[in-house]
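Read through the structure below, which is laid out as structure tokens, and then see the notes.
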Amino acid sequence: MKTSGNVILITGGGSGIGRELARRFNDLGNDVIVAGRRRDALDETIAGRTGMHAIELDVESAESIAAFAAKLIAEHPRLNVVINNAGMMRTDDLTRGDGLNGAEETIVTNLLGPIRLNAALVDHLRTQADAAIVNVSSGLAFVPFPKAPVYSATKAAIHSYTVILREQLRGSIEVIELAPPAVQTGLTPGQSTREGYMPLQDFIDEVMGLFATQPTPAEILVDRVKPLRFAEAEGRYDDVLAMLKSL
């Protein structure tokens with residue numbers, strides 16, 4: 001994936017990883033469109049910047065995604081990169097019949113949303129030079145967090161989906177997976193300052209260095225996520241799962 005001269009869509013661009021990726025890619029000379037539910041947060045992301053745009057998007061609605069895709073292509077016909085970053089995380093207690101904390105919303109936002117958006121844009125992306133799709137999964141795609149089973153399951157599904165998407169689009173659209181570790185963002189209450197989580201700017205610095213690697217890795221993996229990514233292959237899966245259970 002080239003790192004400049006693109007027109008890039010980033011979902012979940014109103015905060016956290018999405019906001020910082022949007023600003024960094026814009027700094028490199030890309031036009032960037034940020035999308036999300038909250039217009040005020042999107043406007044804060046793009047404030048004072050040229051080559052940045054904001055469009056509201058509700059990834060929970062199939063109709064909203066279809067309308068958004070049509071508007072996006074009409075307004076930004078050179079769009080060639082999509083970064084599916086929007087996501088949410090909640091805890092769930094599977095021992096109770098009423099213990100699913102918004103599981104359907106989590107599945108729609110984290111899994112169906114990216115699948116629907118990619119489907120709405122893939123025909124357009126095929127017509128563009130240097131086209132790429134980046135799906136944001138998680139280190140928890142590889143070893144699940146016991147307190148967040150539905151979130152972990154959606155990220156495992158995104159990993160699997162991305163592997164097959166890459167194979168089916170090989171030769172026409174580059175497909176990349178970005179798997180963050182635990183990062184200091186607003187994904188969950190108190191996470192932005194939680195001790196032991198990777199500082200957001202450190203994470204973005206390392207990610208942008210990996211995007212600059214040629215050829216771009218199929219999986220963007222900072223060092224902090226590798227213990228999760230390779231736990232099973234290295235025979236450490238049970239130990240890592242026990243560590244996550246203790247958190």
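Brief remarks follow.
- Counted charge near ALA22, where neighbours are those whose Cβ lies closer than 13 Å (Asp, Glu -1; Lys, Arg +1): -1
- Cα centroid separation - the stretch 198-247 against the stretch 18-38, whole Å: 23 Å
- Here the simple spin-label model places points 7 Å from the Cα toward Cβ, and for GLU232 and ALA129 these points are separated by 4.0 nm.
- Inter-site label distance for ALA242 and GLU44 at 7 Å from Cα along Cβ, in nm: 4.2 nm
- P(r) for the chain, from all Cα pairs and a bin width of 5 Å, is 1, 6, 13, 19, 21, 18, 12, 6, 3, 1, 0 %, short bins first.
- In nm, spacing of pseudo-spin labels at ARG37 and ALA67 (7 Å Cα→C-beta vector): 1.7 nm
- Here the Karplus relation 6.51 cos²θ - 1.76 cosθ + 1.60, evaluated at θ = phi - 60°, turns the backbone of the stretch 122-132 into coupling constants of 5, 5, 5, 4, 4, 8, 9, 6, 6, 6, 8 Hz, with x for every Gly and Pro.
- A simple count of charges around GLY99, restricted to other residues whose Cβ falls under 9 Å of its Cβ and scoring Lys, Arg +1 and Asp, Glu -1, yields -2.
- Sequence of LEU169, LEU72 once ranked by neighbouring C-beta atoms within 10 Å, starting from the fewest: LEU169, LEU72
- FRET efficiency estimate (nearest 0.05) - Cβ-Cβ, ARG170 to LEU210, R0 25 angstrom: 0.75
- The chain: calculated mean residue ellipticity at 222 nm from DSSP helix runs of at least 4, using -39500 (n - 2.57): -12000 deg cm²/dmol
- Length gained when the stretch LEU100-GLN201 is fully extended (0.36 nm per residue, less Cα-Cα span): 33.1 nm
- Peptides ranked, highest mean first, by Cβ atoms within 10 Å: ranges 95-102, 62-69, 218-225: 218-225, 62-69, 95-102
- Size of the stretch 144-242 from its Cα atoms: along the principal axes, largest to smallest, the extents are 42, 29, 25 Å.
- Antiparallel DSSP beta bridges within the stretch 7-245, percent to nearest 5: 0 percent
- Amide H partners (placed H, <5 Å) of ILE176, local residues excluded: ILE133, VAL134, ASN135
Every number here is computed from the coordinates shown, using simple stated rules; none is lab data. Just so it is clear, the structure is predicted and the values come from calculations on it, not from any experiment. So basically every Cβ, Gly included, is an ideal-geometry build from the backbone, and we count neighbours across all protein chains shown.
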